Amino acid sequence: SRTLGMMSFSAGASFAFPAALRHDVIKASVIWYGDTVNDPAKLADLAGPVLLVIGSQDGDAADKAAALSKAADAADRLAEIYIYPGAAHAFAQPLFNQGETFDPVATGASWRITEDFLQRHLR
C-alpha cells in the first residue's frame with residue numbers, strides 16, 4: 001500500500017485537510033497558514049498526525065493553534081504546531097501582496113520543520 005502526505009497552503013487547506021479526513025492513505029498532513037478542522041469527532045478520522053505552520057502575526061494565529069491542539073488532544077491525534085515569531089500570513093509567498101509579507105528566514109525555517117515532520121511520519 002502507498003503512504004502519502006498532504007501539504008496545503010492558505011486557502012488550499014480548506015480542500016486538502018478535509019481530504020485527509022476522508023482518505024486513510026494520507027499518513028501525515030501539513031498546513032501552512034490555512035484553516036484547520038477543530039472538531040474532535042472529525043479529527044478522529046485522521047490516519048496520521050498534522051503539522052500547522054503559521055506566523056505569529058497571521059490574524060488569530062494563537063487561537064487557531066490552540067483550537068487545533070485542543071481538538072487533536074480530545075480526538076487522541078497528534079498535532080504539531082509551529083508559530084514563527086513576527087511572520088504574517090503568506091510569509092512563504094514572494095508574490096502575495098506584492099511581497100510585503102514575504103519572510104525568507106521564516107520560510108527556510110518552516111521548510112526544515114516541514115521536512116523533518118514528513119521524514120518522521122512518512123516511513
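The values are calculated or read from the model by the stated rules, or taken from the named source; none is laboratory data. All values derive from a computational prediction rather than experimental measurement. As a convention, Cβ positions derive from the backbone with ideal geometry for all residues, glycine included, and neighbour counts pool all protein chains shown. Note: areas computed on protein heavy atoms with side chains; ligands, DNA, RNA excluded. Shrake-Rupley method; radii C 1.70, N 1.55, O 1.52, S 1.80 Å.
Tabulated data
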{"read-out": "Percent of alpha-carbon pairs separated by more than 21 Å within the range 1-74", "value": "18 percent"}
{"read-out": "The chain, accessible area per residue, ligands and nucleic acids excluded (1.4 Å, Å²)", "value": "53 Å²"}
{"read-out": "Distant-in-sequence amide H partners of F9 (H built 1.01 Å from N, under 5 Å)", "value": "W32"}
{"read-out": "Modelled FRET efficiency - R0 25 Å, R2 with R120, Cβ distances, 0.05 increments", "value": "0.85"}
{"read-out": "In the range 85-123, the chymotrypsin sites (Phe, Trp or Tyr not before Pro) that fall in loop regions by DSSP, at most 14 other Cβ within 10 Å", "value": "none"}
{"read-out": "Rounded to the nearest 20 debye, dipole of the chain from Cβ charges on Lys, Arg, Asp, Glu", "value": "460 debye"}
{"read-out": "Accessible carbon and sulfur surface of the chain relative to its total accessible area, %, 1.4 Å", "value": "53 percent"}
{"read-out": "Using θ = phi - 60° and Karplus 6.51 cos²θ - 1.76 cosθ + 1.60, couplings along the range 6-11 (whole Hz; Gly, Pro as x)", "value": "10, 9, 9, 10, 6, 4"}
